[in-house]
1. Tell me, yes or no, whether region 342-353 has at least one residue that is surrounded by 14 or more Cβ atoms within 10 Å (Cβ to Cβ), outside the structural domain of Gly485 (by TED's automatic domain parsing) and either at pLDDT 75 or above or closer than 26 Å to Arg504 by Cα (or both).
2. Report, by residue number, each residue of region 93-103 that is closer than 16 Å to Ile167 by Cβ and in a loop (DSSP other than H, G, I, E, B).
3. With respect to Ser53, determine if the residue is touching a helix residue (DSSP H, G or I) at 6+ places or on another chain (Cβ under 8 Å) and either without any contact (Cβ under 8 Å) to a residue 40 or more places away in the chain or more than 23 Å from Ala227 (Cβ to Cβ) (or both).
4. Does Asp184 meet the test of being in a helix (DSSP H, G or I) and modelled with pLDDT of 95 or more?
5. Please go through region 183-208 and give me each residue that is within 12 Å of Ala241 (Cβ to Cβ) and of a type in the set (A, V, I, L, M, F, W, C), ordered by number.
6. Output the number of residues of region 250-264 satisfying the condition of being surrounded by 21 or more Cβ atoms within 10 Å (Cβ to Cβ) and part of a helix (DSSP H, G or I).
7. Out of the residues in region 1-12 meeting the condition of being hydrophobic (A, V, I, L, M, F, W, C) and in a loop (DSSP other than H, G, I, E, B), tell me which one is nearest to the chain's Cα centre (by Cα).
8. Ile98: modelled with pLDDT of 95 or more and over 16 Å from Val193 (Cβ atoms), yes or no?
Amino acid sequence: MADKNRVYIFDTTLRDGEQTPGVSLNREEKLEIALALKDMGVDIIEAGFPITSRGDFEAVSEISRKVKGPCIAGLARALRKDIETAWEAVRPSSRPRIHTFIATSPVHMKYKLQMTQDQVLETASEAVQLARKICPEVEFSCEDALRSDRDFLVRVVDKVIENGAGIINIPDTVGYAVPGEIYDLFKHLIENVKGSDRVIFSSHCHNDLGLAVSNSLSAIKAGARQAECAMNGLGERAGNAALEEIVMALKARKNYFRLDTKIKTEKITAMSRLVARITGIIPQPNKAIVGNNAFAHGAGIHQDGVIKKRTTYEIIDPKDIGLKESKLVLGKLSGRHALKKRMQELGYELTETQLISVFGKFKELADKKKEIFDEDLAALLEGERTKIKEIFTLVSFQVFTGNTARPYALVRLKKNEEKSRCKKCEEVGMGDGPVDAALRAMDKITGIEGKLLDYGIRSVSSGKDAIGEVRVKVNFRGEVIPGKGNSTDVIEASILAYLDALNRFLQINPKHKKYLKVSL
């Protein structure tokens with residue numbers, strides 16, 4: 001007897017989900033997903049449509065043999081050959097089910113089936129009767145139910161229950177319904193179908209209007225106790241209702257629905273990633289529950305709220321779906337609290353003065369990059385900790401380069417000494433490349449020529465907008481001085497590294513200030 005206080009989760013990732021354009025699963029892949037669905041606690045696995053191909057038949061058969069615990073269902077049209085083939089495929093299961101269907105909407109009956117209502121009614125009855133003779137569990141679906149005549153639906157459902165169907169599925173095959181409409185239909189059927197108390201009503205909603213999950217929840221609220229869904233919302237056209245969204249809605253709003261599932265929700269993230277890896281269909285970043293941004297906070301106000309109390313901006317604990325924690329995405333909208341927290345997580349304790357200084361540089365970098373990574377923060381902090389007294393700072397630079405012209409650079413520096421009376425801190429240099437040209441311009445400004453002995457560049461973070469770190473060794477008047485510079489622009493990083501070396505040289509050897517082209 002079905003438990004009326006729970007919702008049975010019927011996963012159709014391996015059947016309807018495989019109908020996603022571009023997805024084709026082999027036997028091994030189907031078995032891997034089925035075993036993971038079992039571990040997650042799915043009640044029914046619709047393993048495939050056995051009549052469609054030898055490969056699908058074999059996949060359903062192997063899943064039936066090797067996946068013990070869940071009910072294994074095979075789909076079949078209301079045809080003898082389909083039903084017998086489905087039975088042969090699911091027979092090895094400890095809980096086999098034949099899921100048979102026929103369309104009941106006027107448009108499908110007229111143009112696809114070319115059958116009258118009476119013919120459909122007779123075909124449905126015979127199909128269920130046959131399936132029930134050979135299989136202990138039979139589910140019947142009225143394809144395109146939401147565009148079907150309600151009185152006719154009642155007649156069909158009455159008849160298939162009479163002939164042995166134990167699960168009645170009312171699918172919104174083309175994603176046509178809205179929540180209030182599907183609620184009313186389920187209520188109408190449950191109240192008007194004879195023997196409705198002896199069967200489980202099931203929803204199967206498509207997402208053509210973006211309402212699959214809402215419609216599924218409305219059906220559940222009206223009395224449906226089986227939800228047909230697919231991981232990551234895979235399926236025909238815009239997809240099926242997403243399993244993870246239905247399950248977490250029931251869990252997060254248990255005070256409203258007062259229903260349980262047996263899904264081990266902490267396995268949802270791993271399950272989603274497995275399906276994405278095998279199918280090649282990656283959930284969009286803002287996908288509910290399993291999207292990369294589902295538990296990511298980018299706005300400073302939100303980040304501050306989550307740091308103080310997670311529930312200010314999160315209705316689901318990320319641990320409930322198998323994530324370790326929320327993600328504070330550092331970017332131009334982030335505030336100091338988020339930066340400080342992330343620095344602490346990386347093991348850095350900053351003084352208020354250091355935080356203010358690093359935060360200023362963080363904001364400058366955030367204007368150049370969409371997202372700041374941990375490596376970026378480490379580079380910023382390293383620069384803060386190794387900061388020296390800057391005699392020269394970079395104001396601006398422009399470069400012109402190409403494979404048919406000699407590169408040149410216009411560089412402007414600023415002197416930071418209080419007694420500086422320099423009027424001209426700008427020069428143009430020409431060189432073998434844009435970096436060489438920029439360094440020559442700096443030499444002309446300062447009057448101290450450096451010889452570049454070593455030059456290395458590496459990426460300190462990921463992405464096309466990654467920070468580039470340049471390290472140099474420069475010989476200034478017989479002394480080899482190291483320098484380092486970071487920027488998303490490698491030419492700027494090169495200028496900053498050279499400038500860092502120059503400032504170190506002048507700080508270590510103040511006597512050389514007198515050799516500057518423009519005195520300080």
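1. Taking region 342-353 first, the residues surrounded by 14 or more Cβ atoms within 10 Å (Cβ to Cβ) are 342-343, 348, 350.
Then drop every residue that is not outside the structural domain of Gly485 (by TED's automatic domain parsing), which leaves 342-343, 348, 350.
Now restrict to residues that are either at pLDDT 75 or above or closer than 26 Å to Arg504 by Cα (or both): 348, 350.
Among the residues of region 342-353, at least one is surrounded by 14 or more Cβ atoms within 10 Å (Cβ to Cβ), outside the structural domain of Gly485 (by TED's automatic domain parsing) and either at pLDDT 75 or above or closer than 26 Å to Arg504 by Cα (or both), which makes the answer yes.
2. Just the residues of region 93-103 that are closer than 16 Å to Ile167 by Cβ, to begin with: 93, 95-102.
Residues satisfying the conditions are Ser93, Arg95.
3. Numbers: touching a helix residue (DSSP H, G or I) at 6+ places or on another chain (Cβ under 8 Å): no; either without any contact (Cβ under 8 Å) to a residue 40 or more places away in the chain or more than 23 Å from Ala227 (Cβ to Cβ) (or both): yes.
No: the conditions fail for Ser53.
4. Working: in a helix (DSSP H, G or I): yes; modelled with pLDDT of 95 or more: yes.
Criteria met by Asp184.
5. If we filter region 183-208 for residues that are within 12 Å of Ala241 (Cβ to Cβ), which is where we start, we get 202-208.
Residue satisfying the conditions is Cys205 alone.
6. Step one: of region 250-264, the residues surrounded by 21 or more Cβ atoms within 10 Å (Cβ to Cβ) are 250, 263.
Right, trim to part of a helix (DSSP H, G or I) and you get 250.
Within region 250-264, residues that are surrounded by 21 or more Cβ atoms within 10 Å (Cβ to Cβ) and part of a helix (DSSP H, G or I) number 1.
7. Taking region 1-12 first, the residues hydrophobic (A, V, I, L, M, F, W, C) are 1-2, 7, 9-10.
Pick out the ones that are also in a loop (DSSP other than H, G, I, E, B) and you get 1-2, 7.
Values: Met1: 38, Ala2: 35, Val7: 26 Å.
Of everything passing the filter in region 1-12, Val7 is nearest to the chain's Cα centre (by Cα).
8. Details: modelled with pLDDT of 95 or more: yes; over 16 Å from Val193 (Cβ atoms): yes.
Against the criterion (modelled with pLDDT of 95 or more and over 16 Å from Val193 (Cβ atoms)), Ile98 qualifies.
The values are calculated or read from the model by the stated rules, or taken from the named source; none is laboratory data. Quantities reported herein were computed from a predicted structural model and do not represent experimental measurements. No Cβ is skipped: glycine too gets one built from the backbone with ideal geometry, and neighbour counts run over all protein chains shown.
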